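K.L.:
Just dropping this structure here.
The values are calculated or read from the model by the stated rules, or taken from the named source; none is laboratory data. Bear in mind the structure is a predicted one, so any value in this text is a computation, not a measurement. A quick note on method: Cβ atoms are made from the backbone with ideal geometry, for glycine too, and the neighbour counts reach across all protein chains shown.
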Amino acid sequence: MSLQQLNSTGFEEIIYDNCEPCLVIFSKKECHVCKEVVPMLEELKPQYDGKFGFYYVDVEEDKELFQRFSLKGVPQILFFNNGEYQGKLAGKVEEESVEEKIAEVLGV
Amino acid sequence: MANSYDLIIIGGGPAGLSAAIYGGRAKLKTLVINKGTIGGLADTTREIVNYPGYIQVSGPDLMKDFKKHAEHFNVEFLKEEVVSVDFSQEEKIIRTKKGKELSAKAVILACGSEPRILNIPGEKTLRGSGVAYCATCDAEFFEGEDVVVVGSGDQAIEEGMYITKFARKVTVIVLHDEGVLDCNKVSAERAFNNEKMEFIWNSTIEAVLGEENVEGVKIKNLKTGGSSELTCQGVFFFVGMIPSTHFLKDSGLETDTRGYIPVNEGMETNLEGIYAVGDNRVKYLRQVVSAAGDGATAAVVAERYIEELNYFNSNIIQSDKKILLLFFNVLVNESLEFSTLLEGLISENGDEYKIFKVDMATKKSLAGKYQIEKVPAVVVLDKGEEVKRLDCSMDKEQLKSQLS
């Protein structure tokens, strides 16, 4: 299942207005590591349907967003809950690390 | 069986895809298992200028052509990560991370390599916060900033120059004496003429400094032993590669101390039916063109091996009669004379036995299986099992008595 792409407006809505527990992967097209991590998230997404959101930001299309979090590279997965930033995972991360981090954010 | 193949290739870089093209064309049921994007390390290369027939091409474009070529020969692809293997039986077993089990008669290992991690303080914790391994991915995040590059090989210098398009300054930390870089001469010359490139010689990096983000690096001078700090916002590591062969650890496959797989000129490893090609094998030149050559060689050798295996299984194991495996070599006259004698004897005397002639020059794996070093030699098989060996006497009666 493909990830929903967010622009600045969508980002504000989902993260800060809806306060949804979710992750956002910051990625770009010409990044081979991203091409490994994004499909992994796409496969993981259905397991968390309705419980945890999975979103995607293209840093080349929305420069403002990655500058706001002063990110230094892609891919990076940022985690949010109740409108607050909950930490990030950078580089080539394994499925297990993402699952652990989600559990931590959800407090289970 | 859906998960059963003639040939499975682990890895979809230039070596694996070339093997796939040859395997597919030889009408072998061929599968390529690849964990990331197709193309391996070549897929991360912006510009390739030395692959014959392509004056200039991007890595991803060239690899798309390789893949298209393999698909044209009906090669199948599976996007999965291999976590363990069992190469101990004739049927080779491969297991993936998602629990899939596949089998093949022959396996070509084309797993490539991955960037070496130095394991110095800050390297892991600041990853994505200034520590990077891929210029194409991350260079633009350092617009107008100071960046350190560790290493002086082709990749370090070429990627370093790419970073100068964004960064204010790129400082390269080099192990060697002043003026000595590990990269090719053309790139070295370009780097020395690049105003944004600076070099720190005889040095290595001890730690990446910073809390939230990279703030600097600690540099150690190898000649004086002294340490110094350099302020920067980014560090790119290009300190060589290690072979991605860790999942083969308990397979019985031989590797050298660094994890590279030694092979002979037929790309054969120490295990029968298992071949290694490209960056994960011990070799001199690691380029797309040499990887492609490896792949072609391995697929052809694997094809012969599979052919022998199939022939043996259908003609010998399943035979009702006892089989006399007769090993000969056209260069050894004695073995040819013996062959004539034995054939004459069998045609005169009933049909309890069937002769199966094995040419030592082409059926090497059979000779290896029965550890035959001298010809003539005869192994007697019953339902595929060895029951005895003949004393290859030129005396007809003596020979006859052994067969009664």
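K.L.:
Got at least one residue in segment A:22-32 being more than 13 Å from every other protein chain (Cβ to nearest Cβ), surrounded by fewer than 18 Cβ atoms within 10 Å (Cβ to Cβ) and touching a residue at least 12 places away in the same chain (Cβ under 8 Å)? If you could, list the steps in order and put the result at the bottom.
P.N.:
Of all residues in segment A:22-32, those more than 13 Å from every other protein chain (Cβ to nearest Cβ) come to A:22-24.
Add one more test, that the residue is surrounded by fewer than 18 Cβ atoms within 10 Å (Cβ to Cβ), and what stays is none.
Checked against the condition, which is being more than 13 Å from every other protein chain (Cβ to nearest Cβ), surrounded by fewer than 18 Cβ atoms within 10 Å (Cβ to Cβ) and touching a residue at least 12 places away in the same chain (Cβ under 8 Å), segment A:22-32 yields no hits at all.
K.L.:
Is it true that some residue in segment B:122-135 is facing chain A (nearest Cβ under 10 Å) and in contact with a His (Cβ under 9 Å, 6 or more places away or on another chain)?
P.N.:
yes
K.L.:
Looking at segment A:17-108, what strands (runs of 3 or more DSSP E) fall wholly within it and have at least 1 residues that are of a type in the set (D, E, K, R), under 26 Å from B:Gly59 (Cα atoms) and in contact with a strand residue (DSSP E or B) (Cβ under 9 Å, 6 or more places away or on another chain)?
P.N.:
On the way: elements: A:22-27, A:53-58, A:76-81, A:84-90.
The qualifying strands (runs of 3 or more DSSP E) are A:53-58.
K.L.:
Another question, then. When segment B:136-148 is examined, which residues are found to be away from chain A (no Cβ under 11 Å) and in a loop (DSSP other than H, G, I, E, B)?
P.N.:
Start the filter on segment B:136-148 by keeping residues that are away from chain A (no Cβ under 11 Å), which leaves B:144, B:146, B:148.
The one that is away from chain A (no Cβ under 11 Å) and in a loop (DSSP other than H, G, I, E, B): B:Gly144.
K.L.:
Here's something else I'd like to know. Among (1) touching a helix residue (DSSP H, G or I) at 6+ places or on another chain (Cβ under 6 Å); (2) within 14 Å of chain A (Cβ to nearest Cβ); (3) buried (at least 19 other Cβ atoms within 10 Å of the Cβ), which single condition is B:Tyr162 missing?
P.N.:
(3)
K.L.:
Can A:Leu71 be described as surrounded by 15 or more Cβ atoms within 10 Å (Cβ to Cβ) and at the interface with chain B (Cβ under 10 Å from one of its Cβ atoms)? Quick ask: steps written out before the conclusion?
P.N.:
Details: surrounded by 15 or more Cβ atoms within 10 Å (Cβ to Cβ): yes; at the interface with chain B (Cβ under 10 Å from one of its Cβ atoms): yes.
For A:Leu71, the condition - surrounded by 15 or more Cβ atoms within 10 Å (Cβ to Cβ) and at the interface with chain B (Cβ under 10 Å from one of its Cβ atoms) - is met.
Quick grid of which residues meet (1) of a type in the set (A, V, I, L, M); (2) on the phi > 0 side of the Ramachandran plot; (3) outside the structural domain of B:Glu307 (by TED's automatic domain parsing); (4) surrounded by 12 or more Cβ atoms within 10 Å (Cβ to Cβ):
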site	(1), (2), (3), (4)
B:Leu325	yes, no, yes, yes
B:Leu336	yes, no, yes, yes
B:Glu348	no, no, yes, no
B:Lys357	no, no, yes, yes
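K.L.:
Of these, A:Phe11, A:Phe52, which one is on the phi < 0 side of the Ramachandran plot, more than 10 Å from chain B (Cβ to nearest Cβ) and touching a Cys at 6+ places or on another chain (Cβ under 8 Å)?
P.N.:
Numbers: A:Phe11 fails: touching a Cys at 6+ places or on another chain (Cβ under 8 Å).
On inspection, the qualifying residue turns out to be A:Phe52.
K.L.:
Give the residue that is nearest to B:Gln318 (Cα to Cα), with candidates limited to residues of segment B:374-385 that are at pLDDT 90 or above and out of contact with any Lys or Arg (no Cβ under 6 Å at 6 or more places or on another chain).
P.N.:
Among those that are at pLDDT 90 or above and out of contact with any Lys or Arg (no Cβ under 6 Å at 6 or more places or on another chain), it is B:Leu381.
K.L.:
How about segment B:338-374: which of its residues are assigned to a loop (DSSP other than H, G, I, E, B), small (Gly, Ala, Ser) and under 23 Å from B:Asp395 (Cα atoms)?
P.N.:
Selection gives B:Gly350 alone.
K.L.:
Out of segment B:97-115, which residues are more than 20 Å from B:Ser18 (Cβ to Cβ) and either in contact (Cβ under 8 Å) with a residue 60 or more places away in the chain or of a type in the set (D, E, K, R) (or both)? I'd like the intermediate steps shown before the answer.
P.N.:
Applying the first criterion (more than 20 Å from B:Ser18 (Cβ to Cβ)) to segment B:97-115 yields B:97-103, B:114-115.
Within segment B:97-115, B:Lys97, B:Lys98, B:Lys100, B:Glu101, B:Leu102, B:Ser103, B:Glu114, B:Pro115 qualify.
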